[in-house]
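Worksheet: the structure to be examined is printed underneath.
A short reminder: the numbers here are calculations on the coordinates, not readings from a lab. Computed from a predicted structure; not experimentally measured. So basically every Cβ, Gly included, is an ideal-geometry build from the backbone, and we count neighbours across all protein chains shown.
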Amino acid sequence: MIFNLFKKYLTEAKQKLYFCKQNTFSMKQIFIILTLIFAGSFLFLGCNSKQKANSKKQVVASEKQYMFVAYVAGYSEFDFSTINFLNIMTYDFYNGWHNVNGHHSNYLSSARPEMDKNSVVNAIEMHVNAGFPVEKINLGIPFYGRIWKGVKAESDQILFNKAETVGMGIDYVDFYQNFNANGFTRYWDDIAKAPYLWNPAEKTFIS
């Protein structure tokens, strides 16, 4: 059944690909959309007023409707009025696009806020100041790290240096054994409230 639904929605997506900022989806539709996304299909679903009316007729009256929104922490322009809850991507502040090392999920700004891409508190405050209820906000917490190799760090200035690589993703199971081992030292940035690992011999940094 899931395969047939997947095939049906994928076919429809290929025939008509479009994006709508505001739309409501049933939990069943959300599951299908997420399945398609994780399968590698770049799918944006929306509908015009006629299609929206038809879709509502197909939904069981007792089934809840939810706003389905993919959201990035640094983006601030959106109509919050019809959103049930908000999941904010409070991670990847420094990521696979950056050849400078930094925190990828810091709670606060560091001692060099001009170098920080964002912070958890900044992302939350931005939404609250825009009028979104704080009790409806969910934090996205990463269970992985970002690794930079060939970091050109001098003395004790470990953060915000040019590196030979960008911040590649690394699973927790692949680096947890390096806590104060294998040449790595675990540091704590008490200003940003964020940990990181540093190997001075290999010039490798893990956030």
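Taking the average, over residues, of other Cβ atoms within 10 Å as the packing measure, peptides 123-135, 97-109, 157-169, 195-207 rank 97-109, 195-207, 157-169, 123-135 from highest down. On the beta carbon distance between Val134 and Asp190, with R0 = 25 Å, the FRET formula returns roughly 0.50. Taking 0.36 nm per residue of separation and subtracting the Cα-Cα distance, full extension of the segment from Asn199 to Lys162 would add 11.8 nm. Packing around the peptides 146-156, 84-94, 174-184, taken as the average count of other Cβ atoms within 10 Å per residue, puts them in this order, highest first: 84-94, 146-156, 174-184. Based on Cα atoms of the range 145-206, Rg over Rh with Rh as the Kirkwood radius reads 0.93.
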